[in-house]
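Written below as structure tokens is the structure these notes are about.
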Amino acid sequence: MTRSELPALSIAELRPLLCRREVSPREVLEALEERINAVDGKIGAYLSRDFDAAAVEAEKADINLPLGGIPVAIKDIINVAGQPCTCASKILRGYRAPYNATAIERLRAAGAIPFGKTNLDEFAMGSSTENSSAQLTRNPWDLSRVRGGSSGGSAAAVAVDAAFGALGTDTGGSIRQPAALSGIVGVKPSYGRVSRYGLTAFASSLDQVGSLTKTVRDSALIMNAIAGPDPCDTTCLNAPVPDYAAELGRGLKDMRLGLPKEYMIEGIDSAVRQAVDAAVKHLSSLGAEIVDVSLPHTDYAISVYYILATAEASANLARFDGVRYGYRAENPTDLLDFYGRTREEGFGAEVKRRIILGTYVLSSGYYDAYYLRAQKVRELIRRDFEQAFAKVDALVSPTSPTPAFKIGEKTSDPLQMYLADIFTNAGNLAGICGISLPCGFARSESGRPLPIGLQFLGKALDEARIFEIAYAYEQSTEWHKARPSLNDQSIVGK
Amino acid sequence: MAGEPDLDVAYVAKLARLNLSAEETRLFQKQLGEVLKYAEKLKEIDVTGVEAAAHGVPIFNVFREDEPRDCFTAQQALSNAPRQANNLFIVPKVVE
């Protein structure tokens, strides 16, 4: 194997080469750096990378550890000590993290090397990575299309072999949706499975750190490292962590999969519907029993999500006041001008929009009508899933109603953009786990293949089961082997 | 949630300590009006007797031992300050 072939490997393929000393962590890192330098100009996945520091880590990497010597890309909202953490916001331009997130400590303890930070929608608010203040991240399957979001940089890097794996965050679909639109695997763990300590908070009751990888097994390997209780995050659940990777391969016999009838709605792209229908048939042929289930409050999830997520965001983002860190407006006339202008000049449009909405639904006179009511409907949504999981082991659905849309197509209509999360954000509201993996392709008008994602949702702390199902599907299909071709594409237009 | 949403973006922006341009105020008024109109459908649901869920996974009162641990030095805490001096954050004068 030549060095230029290394970046295309999965983590599980690379590990034996490292263990047999056929390649060194240093060579792996250098091969990855070359690949990033070759492709990132077209894709725009990375906001920063520190290969000098990574090289030092690679030299002393303990390859006997489960992720020993594996470089991992990190969404630029998770703090890695000494590296920038901008959240793709002007308000944090130049910010350097003074400490490590727990997920980073855990990755390092497992031998991985967090070497670079990836692009996102500002503060993870968005479904296309178009809300980044730093740069546009393009979809390598079609450079005129969005990458999905908000973990768009992490998804892009993995999809073009410019990362072996990456961490992202998922508040309403921000790992699963970009993974679907990129033809890779994305995992949103159950709420409380992974510590949020060191993740810059967007919506604290919904945020989770998870993985974006080329294969299901790689995601299981990363989850093995990052999952588990943490005294620094009281919402992190004190539950044992199984070996997710060791349990793969038992198959789908006796597995019951629920098909939520509310998810087969008008407005699903016909290619997405066909691909998911075919995937369900395939799962049935593998031995799974397919059962119709109902999630009666599905239609309300987007409304509940945007009320609760923006309310929490408006409170979380109050910390950006220009005093202790980040951007500060010059020459204020008084205290209100100091705060008001610092935030006006520091935040981008979508973040401002969500602060306004969140402040409104929490404000006196509207709290009961919006925020409290949304919390009650959230409870009904949670019960919907509880009742469904009493009948089935997991749910199967599309990840996103459409393949990747055009850059700029939805930026002027926030409501349309919000509807892109229709199949993912109920899972965050209910605190359950989800995985997206490739299940086919649509075609763009110019004939380019556009990946389609299949989602499995499992009950809280049942990650092992959705890994099992996803692995059975993946190993009996070829979709995950497809890679985008960048050589025949150039960037046209803006 | 009675009647049409009566969001006043300019007023809420003051509450949020967030200055907006006239153009942003106009645009958000329209866009968020549409989002709130969409959210009106929550009115359809009978939530009588339903408890409000603050989290998907209800957990309460998590304690840990009250033990001293490492924490930031002043230099670390100040490392991203817009302005600092004498181990302190420097801010503009806000009282006469």
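Between residue A:239 and residue A:444, the FRET efficiency from the beta-carbon distance, with R0 = 56 Å, is close to 0.80.
Quick one: length gained pulling residue A:250 to residue A:345 fully straight, 0.36 nm per residue minus the C-alpha distance? Provide the component values of the computation, followed by the final result.
Details: separation 95, 0.36 × 95 = 34.20 nm, distance 5.42 nm.
Contour length minus Cα-Cα distance gives 28.8 nm.
Amide H contacts under 5 Å for residue A:450: A:442, A:443, A:444, restricted to partners 5 or more places along the chain or on a different chain, H placed in the peptide plane at 1.01 Å from N. Among the trypsin sites (Lys or Arg not before Pro) in segment A:250-336, those placed in a DSSP loop whose Cβ has at most 13 other Cβ atoms within 10 Å are A:250, A:253. Around the amide H of residue A:118, modelled in the peptide plane, lie the amide H atoms of A:47, A:74, A:75, A:76, all under 5 Å away and 5 or more residues distant in sequence or on another chain.
Here the Karplus curve 6.51 cos²θ - 1.76 cosθ + 1.60, taken at θ = phi - 60°, turns the phi angles of segment A:72-89 into couplings of 10, 8, 10, 4, 6, 10, 10, 7, 10, 3, x, 9, x, 9, 8, 6, 6, 10 Hz, with x standing for Gly and Pro. Shielding by partners for peptide A:375-385, expressed as the average number of C-beta atoms from other protein chains within 10 Å of each residue's C-beta, is 5. The simple spin-label model puts a point 7 Å past each Cα toward its Cβ; for residue B:89 and residue A:261 those points are separated by 5.5 nm. When the accessible areas of B alone and A alone are added and the area of the pair subtracted, with a 1.4 Å probe, the result is around 5400 Å², both sides summed.
Holding the Cα-Cα limit at 19 Å, pick out from A:188/A:376; A:188/A:214; A:188/B:41; A:188/A:261; A:253/A:481 the pairs that are longer than that.
Working: A:188/A:376 23 Å; A:188/A:214 15 Å; A:188/B:41 28 Å; A:188/A:261 22 Å; A:253/A:481 25 Å.
Going by Cα-Cα distance, A:188/A:376; A:188/B:41; A:188/A:261; A:253/A:481 fall outside the 19 Å limit.
Please list A:339, A:46 in order of solvent-accessible area, largest first, computed with a 1.4 Å probe with all protein chains present. Write down the numbers at each step before the final one.
Working: A:339 60, A:46 10 Å².
Largest accessible area first, the residues go A:339, A:46.
Note on surface exposure: B:95, A:377, A:23 rank B:95, A:23, A:377 by accessible area, highest first, 1.4 Å probe. Across segment A:229-242, coupling constants 3J(HN,Hα) worked out from phi with the 6.51/-1.76/1.60 Karplus curve, θ = phi - 60°, read x, 8, x, 7, 9, 5, 8, 7, 7, 8, 10, x, 9, x Hz, and Gly and Pro carry x. The fraction of accessible area contributed by carbon and sulfur in segment A:368-408 is 44 percent, rounded to a whole number (1.4 Å probe; ligands and nucleic acids excluded). Sparsely packed loop sites in segment B:32-96 (the trypsin sites (Lys or Arg not before Pro) outside DSSP H, G, I, E and B with at most 14 other Cβ atoms within 10 Å) comprise B:64, B:69, B:83, B:93. Estimated purely from DSSP H runs of n ≥ 4, each contributing -39500 (n - 2.57), the mean residue ellipticity at 222 nm for chain B is -9000 deg cm²/dmol once divided by its residues. Distances between placed amide hydrogens fall under 5 Å for residue A:165 paired with A:73, all partners being 5 or more residues away or on another chain. Rolled with a 1.4 Å probe across the full set of protein chains, the surface gives residue A:480 an accessible area near 30 Å². Sites listed here are GluC sites (Glu not before Pro) in segment A:265-342 whose DSSP assignment is loop and whose Cβ has at most 12 other Cβ atoms within 10 Å: A:266, A:330. Phi angles across segment A:186-193 convert, under the Karplus curve 6.51 cos²θ - 1.76 cosθ + 1.60 with θ = phi - 60°, into 3J(HN,Hα) values of x, 10, 9, x, 4, 4, x, 6 Hz, Gly and Pro given as x.
Summarising the label geometry, the points placed 7 Å from Cα in the beta-carbon direction at residue B:66 and residue A:38 lie 6.0 nm from one another.
The values are calculated or read from the model by the stated rules, or taken from the named source; none is laboratory data. Nothing here was measured: the structure is a model prediction, and the numbers come from that model. A quick note on method: Cβ atoms are made from the backbone with ideal geometry, for glycine too, and the neighbour counts reach across all protein chains shown. To get the accessible areas, we keep the full protein, side chains included, count just its heavy atoms, and leave off ligands, DNA and RNA. Shrake-Rupley method; radii C 1.70, N 1.55, O 1.52, S 1.80 Å.
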